[in-house]
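S.K.: Sharing a structure with you now.
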Amino acid sequence: MSKVSAIVFHEHGAPATVACCEEVELPDFGPGDALVEVVAAPINPADLNVIEGKYPIRPALPGTPGVEGAAIVRELGRDVSGLAIGDLVLLPHGLGSWREAAVIPASQLIRVPEGISPVQAAMLKINPATALRMLRDFAPLECGDWVVQNAANSGVGRAVIEIARDCGYRTVNVVRRAELVAQLQEAGGDVVLVEGDSLKDEIAEAVRDAPLRLALNAVGGESALRLANAVSEGGTLVTYGAMSRQPVRAPNGLLIFRDVRFWGFWVSRWYAQASAAESGAMFEELFASAKHGLFNPPIARTYRLQEAAAALTHAAEGSRAGKILFAPSGESARAR
């Protein structure tokens, strides 16, 4: 296999316009390498931003997008240990996962234990990892504590609900559409509220004035300010997205008199700074949670690489029913 199909973009612009399926050369296979067949690769908002040229990391052009995905090991170099033909693995950052196959240094692959489907595995590295790190690293939460978040129907938002419930935390989940309330309640959200000017009072009533130490913001603008106003004195607002494309405002009173802390989180930076032990420990926890039934977000549709324009158009829709994925290997992405 010297050439494989991949999604490629030669210039920045509207994803459905500038990205298309092409044939690309596989690099030479070395003694420490693995040949992997990609079975599932999600389309994340950051992937669209990369193609648009709006993301802090810009790959050299022409480039292949896709920050995460799952693959099956098909061939191993003679110096590789710890992996076997047929293993399911997570793909590394920077590869560009929207491709049929890849030759990768085996040391960069993360083996997925039995009991986790390829589709589930393909979506572990960004959203659940972001949710876990934000719940762990910014505020000292205890069983019974409340966490508030906006964009609660997003991939990260749903993972926050699942992890928080598993840890004994309670969640206030803010959405923009009333039809999402019942869905998130069914998914385990303790309180689900619709975004609006009275949100601060609604949150206070929902938690009955219990301490609210942590707020997670993926929207920015007025929505972020409402969350910041809702947290307790000394509380923390963590921003990990900017769906409204409006800046986060930090009023003087919140900083001086209520000691509210404003932080940002970017999971790519966490991966770059984490030690192998820290990263390994996190994946062990994520794998264990996945095997117990967590992290199965709704899937709106899977597409072949040759359907790039349709897939990217669908992924850009704000009201779609779930995640969009590429399944380069077809049926093999659905079962292990």
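S.K.: Right, Ala159: small (Gly, Ala, Ser), buried (at least 24 other Cβ atoms within 10 Å of the Cβ) and under 27 Å from Leu305 (Cβ atoms) or not?
M.R.: Considered against the rule, which asks whether it is small (Gly, Ala, Ser), buried (at least 24 other Cβ atoms within 10 Å of the Cβ) and under 27 Å from Leu305 (Cβ atoms), Ala159 comes out as yes.
S.K.: Yes or no: segment 197-213 includes at least one residue that is in contact (Cβ under 8 Å) with a residue 40 or more places away in the chain, assigned to a strand (DSSP E or B) and either surrounded by 19 or more Cβ atoms within 10 Å (Cβ to Cβ) or touching a helix residue (DSSP H, G or I) at 6+ places or on another chain (Cβ under 7 Å) (or both).
M.R.: yes
S.K.: Taking into account only those residues within segment 23-47 that are closer than 21 Å to Thr130 by Cβ and touching a Phe, Trp or Tyr at 6+ places or on another chain (Cβ under 9 Å), which is surrounded by the most Cβ atoms within 10 Å (Cβ to Cβ)?
M.R.: If we take residues in segment 23-47 being closer than 21 Å to Thr130 by Cβ and touching a Phe, Trp or Tyr at 6+ places or on another chain (Cβ under 9 Å), then Ala41 is surrounded by the most Cβ atoms within 10 Å (Cβ to Cβ).
S.K.: For segment 86-113, which residues satisfy the criterion of being over 15 Å from Ala276 (Cβ atoms), part of a loop (DSSP other than H, G, I, E, B) and either over 20 Å from the mean Cα position of the chain (by Cα) or of a type outside the set (Phe, Trp, Tyr) (or both)?
M.R.: Gly86, Asp87, Leu91, Gly94, Leu95, Gly96, Ser97, Glu100, Val112, Pro113
S.K.: Need the failing condition index for Ala121 against (1) out of contact with any Asp or Glu (no Cβ under 9 Å at 6 or more places or on another chain); (2) assigned to a strand (DSSP E or B); (3) closer than 24 Å to Ile85 by Cβ, just the number.
M.R.: Evaluating Ala121 over (1) out of contact with any Asp or Glu (no Cβ under 9 Å at 6 or more places or on another chain); (2) assigned to a strand (DSSP E or B); (3) closer than 24 Å to Ile85 by Cβ leaves (2) as the failure.
S.K.: Now for a different question. Please return the ranges of helices (runs of 4 or more DSSP H) entirely within segment 263-336 where 3 or more residues are among the β-branched types (Val, Ile, Thr) and open to solvent by less than 50 Å² (accessible area, probe 1.4 Å).
M.R.: Helices (runs of 4 or more DSSP H) meeting the threshold: none at all.
S.K.: Among the numbered criteria (1) touching a Pro at 6+ places or on another chain (Cβ under 8 Å); (2) within 17 Å of Ser268 (Cβ to Cβ), which one does Val67 miss?
M.R.: With (1) touching a Pro at 6+ places or on another chain (Cβ under 8 Å); (2) within 17 Å of Ser268 (Cβ to Cβ) applied to Val67, the lone miss is (1).
The values are calculated or read from the model by the stated rules, or taken from the named source; none is laboratory data. All values reported here derive from a predicted model rather than from experimental measurement. Cβ sites come from the backbone with ideal geometry, for glycine too, and all protein chains shown count toward neighbours. Surface areas here come from the heavy atoms of the whole protein model, side chains and all, with no ligands, DNA or RNA. Shrake-Rupley method; radii C 1.70, N 1.55, O 1.52, S 1.80 Å.
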